[in-house]
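To start, the structure under review is shown below, and the notes come after it.
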Amino acid sequence: MTASPSVVCRTAFISDLHLGTRGCQAELLLDFIRELECDTLYLIGDIIDGWKMKSGLYWPQSHNDVVQKVLRLARKGVKVVYVPGNHDDFGREFCGVHFGGVIVAKDDIHTTADGRRFLVTHGDEFDGVVQHAKWLAFLGDWAYRGLLASNTWFNRARRMMGFGYWSLSAFLKVKVKNALQFIENFEEAIAEEARRRGVDGVICGHIHKAEMRDIGGVLYINDGDWVESCTAVVERHDGTLEIIDWSRRGALKGKPALEVLEPVAA
């Protein structure tokens with residue numbers, strides 16, 4: 001007898017998988033998808049890391065399994081909307097095209113069950129470094145991957161000692177003043193775009209920091225990533241929006257699969 005899925009929702013939002021890199025937490029992502037039952041799935045950018053793949057191919061079976069799982073959801077009738085990001089900007093050439101049941105879109109307006117409207121976008125258009133100094137963005141990406149590689153070895157040692165996952169880069173984002181200012185500027189800029197479009201909020205990715213907060217009457221939601229935080233946003237059938245932290249899954253060993261953070265109702 002097949003076990004019932006533990007994440008039953010109306011809509012799921014995931015981004016920044018970075019398939020094609022060693023930092024991608026593909027096994028945890030596969031576990032999440034197996035436990036997911038939804039009507040609509042949004043893939044909000046940086047699903048495949050085209051920047052990294054230009055310097056060498058890394059594509060293990062688990063990454064291929066993720067793609068197959070998503071396509072299988074589409075074949076089963078789940079509406080899958082793919083909004084490309086800056087690392088997979090090659091996908092923007094195909095906006096409006098359907099691939100195997102997957103809809104490619106520059107961005108989208110999602111209406112929740114309780115009638116609220118959300119702009120769904122990756123968010124790199126509101127990152128001044130990506131838009132105006134792409135060489136610096138590439139340099140930052142190289143340094144970030146180096147940090148993640150160090151973090152991988154560190155967490156292997158932690159697991160051997162029975163400790164859970166800990167993200168060095170996420171810690172630095174909280175502690176370093178310039179990183180905090182960048183995040184605040186990004187959040188303000190993307191919230192202003194949502195305000196300009198006359199919607200109730202925005203759901204995005206890009207900066208790898210899961211967050212849900214009100215910014216001047218606009219509900220800003222970032223679904224995080226599947227490199228560090230392993231988080232997603234889900235909309236329940238009553239319209240409630242929640243951030244789900246799946247990073248604890250590996251340490252739970254048979255206990256309940258998820259931790260829900262910051263539910264926001266109508």
Q.
What's the total number of residues in segment 51-101 that are crowded, with 16+ Cβ neighbours inside 10 Å, more than 17 Å from the chain's Cα centre (by Cα) and not in a helix (DSSP H, G or I)?
A. 2
Q | Residues of segment 26-50 satisfying the condition of being assigned to a loop (DSSP other than H, G, I, E, B) and at pLDDT 95 or above | A | GLU35, CYS38, ASP39, ILE44, GLY45, ASP46, ILE47
Q: Taking ALA113 as meeting all but one of (1) outside any loop (DSSP other than H, G, I, E, B); (2) under 25 Å from ASN222 (Cβ atoms), write down the number of the exception.
A: (1)
Q) Using beta carbons and a limit of 6 Å, which pairs, at least six apart or on different chains, have the first residue in segment 234-245 and crowded, with 17+ Cβ neighbours inside 10 Å and among the small types (Gly, Ala, Ser) and the second one outside any strand (DSSP E or B) and at pLDDT 95 or above? A) GLY239/THR112; GLY239/ALA113; GLY239/ASP114
Q.
Going through GLY45, GLY56 one at a time, which residue ends up being farther than 28 Å from ARG236 by Cα and not charged (D, E, K, R)?
A. GLY56
Q) Does any residue in segment 35-60 that is under 10 Å from THR21 (Cβ atoms) come within less than 8 Å, Cβ to Cβ, of a residue that is among the basic types (Lys, Arg) and at pLDDT below 95 six or more places away or on a different chain, and which pairs are these? A) LYS52/ARG145; TYR58/ARG22; TYR58/LYS52
Q. Looking only at segment 191-214, which residues are touching a His at 6+ places or on another chain (Cβ under 6 Å) and at pLDDT 95 or above?
A. GLY205
Q. Which ones in segment 20-32 are touching a His at 6+ places or on another chain (Cβ under 7 Å), surrounded by fewer than 24 Cβ atoms within 10 Å (Cβ to Cβ) and either of a type in the set (Val, Ile, Thr) or on the phi < 0 side of the Ramachandran plot (or both)?
A. ALA26
Q | Unmet criterion (only one of (1) over 18 Å from THR112 (Cα atoms); (2) touching a His at 6+ places or on another chain (Cβ under 7 Å)) for ARG10 | A | (1)
Q) Within segment 1-19, which residues are surrounded by 21 or more Cβ atoms within 10 Å (Cβ to Cβ) and farther than 18 Å from LYS76 by Cβ? A) PHE13, SER15, ASP16, LEU17, HIS18, LEU19
Q: Filter segment 33-50 down to residues that are under 22 Å from GLY77 (Cβ atoms) and surrounded by 24 or more Cβ atoms within 10 Å (Cβ to Cβ), then give me how many there are.
A: 4
Q. Identify, please: which residue in segment 102-118 is small (Gly, Ala, Ser) and either touching a residue at least 40 places away in the same chain (Cβ under 8 Å) or in contact with a Ser or Thr (Cβ under 7 Å, 6 or more places away or on another chain) (or both) and is, among those, surrounded by the most Cβ atoms within 10 Å (Cβ to Cβ)?
A. ALA113
Q: Could you figure out which of (1) over 13 Å from the mean Cα position of the chain (by Cα); (2) assigned to a strand (DSSP E or B) isn't true of GLY23?
A: (2)
Q: Any chance you could count how many residues in segment 180-216 are among the charged types (D, E, K, R), within 27 Å of VAL227 (Cα to Cα) and surrounded by fewer than 17 Cβ atoms within 10 Å (Cβ to Cβ)?
A: 4
Q. If a residue has to be farther than 20 Å from PHE186 by Cβ and either at pLDDT below 95 or assigned to a loop (DSSP other than H, G, I, E, B) (or both) to count, how many in segment 216-240 make the cut?
A. 6
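The values are calculated or read from the model by the stated rules, or taken from the named source; none is laboratory data. None of these values were measured; they are calculated from a predicted model. Cβ sites come from the backbone with ideal geometry, for glycine too, and all protein chains shown count toward neighbours.
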